[in-house]
Amino acid sequence: MKHLMLYCRSGFEKECAGEIQDRATQIEVFGFPRLKNNTGYVLFECYQSGDTERLLKELDFKSLIFARQMFVVATEIKDLPREDRISPILASLSEIAGFPKCGDIRIETPDTNEAKELLKFCRKFTVPMRQAMRATGLLFAKDSPKKPVLHLCFVASGHCFIGYSLPNNNSPFFMGIPRLKFPSDAPSRSTLKLEEAFHVFIPRDEWDERLAPGMWGVDLGACPGGWTYQLVKRSMFVHAVDNGMMADSLMETGQVKHHQEDGFKFEPARKNVTWLICDMVEKPSRVAQLMGEWLISGWAKEAIFNLKLPMKGRYDEVLEDIENLKYFLIENKVKFKLQAKHLYHDREEITVHVQCLSNISPR
């Protein structure tokens with residue numbers, strides 16, 4: 001097994017490939033990425049046998065920005081017959097030495113417009129494939145979240161990659177995408193960006209503590225209130241900062257104070273803010289600097305913000321802005337946990353989450 005498969009947003013294969021190349025080299029795993037533009041996935045081929053499994057275990061999936069999922073590819077099958085796809089897949093898997101018995105199966109396809117028809121097939125194919133794999137002992141009789149996950153990724157109706165991921169080092173979501181429904185009373189679709197960020201960055205069993213009713217948040221660049229909506233529906237209070245107008249439905253809740261001023265100049269009168277959120281259309285370096293200033297000042301405990309990406313050099317821009325922010329926080333003796341991800345609901349941007357782990361007295 002010499003290939004690692006990574007899903008990504010269509011059009012960001014180059015960034016995903018650059019990232020896996022850098023991260024693999026850092027842990028002294030050497031190889032090269034294989035990619036085609038707008039396919040929604042990257043294959044990283046290792047030079048040495050066994051290194052792919054090393055990547056799967058040692059490379060922290062949560063630390064990858066552009067990858068939605070990663071798994072070891074055990075085999076690639078082409079020209080599956082329409083009348084019987086199951087038998088060749090079972091036969092191929094039975095010949096692979098060391099392939100683990102899995103606790104779940106995901107039959108997926110890269111997230112592209114061309115693959116939408118394939119996705120319908122994948123959903124129909126899942127039940128008979130699961131039954132057949134359980135019958136042959138490739139899957140446990142019952143789903144087990146602690147066992148490896150079996151992945152079948154179809155890139156065409158008769159062409160699939162088969163492999164596995166580790167449950168403690170993968171995305172828990174089908175195709176690496178949280179399935180969210182747009183709330184009809186939200187002011188804008190941007191609300192889904194923040195909701196997805198909560199699902200990706202904050203463990204579900206910590207929501208009651210970290211997204212608790214009664215907390216105060218600040219939304220910089222809030223208009224018309226898509227991100228503010230996510231805090232309000234969790235019974236938080238929000239300082240919404242934007243020269244534009246907020247949705248009446250949010251103002252009527254009594255939980256929002258609207259400050260019509262520049263988000264780069266706003267300072268909360270009371271330093272009791274838990275959440276700082278920001279989706280301003282500004283240079284990413286400027287936004288990252290602003291977030292750092294809030295955090296080292298102790299004005300907020302956690303921040304989620306978007307960094308808009310340039311048309312060219314997107315990966316380099318991401319690395320520079322995040323490294324500069326990390327250095328700024330370290331220099332000011334702030335202990336923190338930082339995560340960044342190119343979320344499903346992001347476009348030409350990435351979403352960053354920073355949690356302060358040290359108690360900072362507000363300046």
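General remarks:
- Along its first, second and third principal axes, ordered by size, region 36-77 spans 29, 29, 16 Å in Cα coordinates.
- Taking each DSSP H run with n ≥ 4 as -39500 (n - 2.57) and averaging over every residue of the chain yields -9000 deg cm²/dmol at 222 nm.
- For region 17-61, the residues whose amide N sits under 18 Å from a probe point set 7 Å from the Cα of His159 along the beta carbon direction are 34-45.
- Alpha carbon centroid spacing (whole Å) that separates region 212-256 from region 86-165: 43
- For region 95-202, the share of DSSP beta bridges that are antiparallel, to the nearest 5, is 55%.
- Taking the protein heavy atoms of the chain in the context of the full set of protein chains, the accessible area attributed to carbon and sulfur is 49 percent at 1.4 Å.
- The residues of region 1-64 expose on average 47 square angstrom of accessible surface per residue, using a 1.4 Å probe on protein heavy atoms.
- When the convex hull of its Cα atoms is projected in every direction, mean area for region 37-188 (nm²): 11.1
- Whole-Hz Karplus values for region 250-264 come out as 6, 5, 6, 6, x, 9, 10, 10, 9, 10, 8, 7, 6, x, 7 Hz, taken residue by residue from phi with 6.51 cos²θ - 1.76 cosθ + 1.60 and θ = phi - 60°; glycine and proline positions read x.
- Gain in span if fully extended, Lys326 to Leu357, counting 0.36 nm per residue against the direct Cα distance: 9.8 nm
- Solvent-accessible area per residue, Å², over region 119-167 with all protein chains present [probe radius 1.4 Å]: 47
- Dipole of the chain, positive end: most advanced residue of Ser157, Gln131, Met5 [Cβ charges, Cα centre]: Gln131
- Where region 263-310 is the region considered: accessible area per residue in Å², 1.4 Å probe: 38
- Beta bridges by DSSP in the chain, antiparallel share as percent, to the nearest 5: 60
- Fully extending the segment from Phe264 to Lys142, taken as 0.36 nm per residue of separation minus the present Cα-Cα distance, adds 38.6 nm.
- Within straight-line cross-link reach of Lys57, aspartates and glutamates at Cα separation under 19 Å, skipping those fewer than 8 residues along the same chain: Glu19, Asp22, Glu28, Glu45, Asp104
- Its alpha carbons give region 5-96 an Rg and a Dmax of 14.6, 45 Å.
- Selection of chymotrypsin sites (Phe, Trp or Tyr not before Pro), region 1-90, meeting DSSP coil and at most 13 other Cβ within 10 Å: Phe30, Tyr47
- Percent of beta bridges antiparallel (DSSP, region 260-363, rounded to nearest 5): 75
- The chain: radius of gyration over Cα atoms, expressed as a fraction of 2.2 N^0.38 Å: 1.08
- Gain on full extension, evaluated as 0.36 nm per residue between Glu114 and Lys14 minus their Cα-Cα distance, stands at 34.1 nm.
- Rounded, prolate or oblate (a/c below 1.5 giving rounded, otherwise prolate when a/b exceeds b/c) for region 61-115 by Cα gyration tensor: oblate
- For the chain, Cys46, Cys102, Cys122, Cys153, Cys160, Cys223, Cys278, Cys356 have no disulfide-compatible partner, since no other Cys C-beta lies under 4.7 Å from theirs.
- With all projection directions averaged, the alpha carbon convex hull of region 131-225 covers 9.9 nm².
- If only the Cβ of Lys and Arg carry +1 and only the Cβ of Asp and Glu carry -1, the dipole of region 63-128 around its Cα centre is close to 240 debye.
- The reciprocal of the average 1/r between distinct C-alpha atoms defines the Kirkwood hydrodynamic radius, which for region 214-363 equals 15.6 Å.
- Loop trypsin sites (Lys or Arg not before Pro), region 1-45, which have at most 13 other Cβ atoms in a 10 Å radius of their Cβ (DSSP): Lys36
The values are calculated or read from the model by the stated rules, or taken from the named source; none is laboratory data. Here the structure is a predicted model, which means the values were calculated and not measured. Because the Cβ atoms are built from the backbone with ideal geometry, glycine has one as well, and the counts that use them run over all protein chains shown. Side chains included, ligands, DNA and RNA excluded: accessible areas come from the protein's heavy atoms. Shrake-Rupley method; radii C 1.70, N 1.55, O 1.52, S 1.80 Å.
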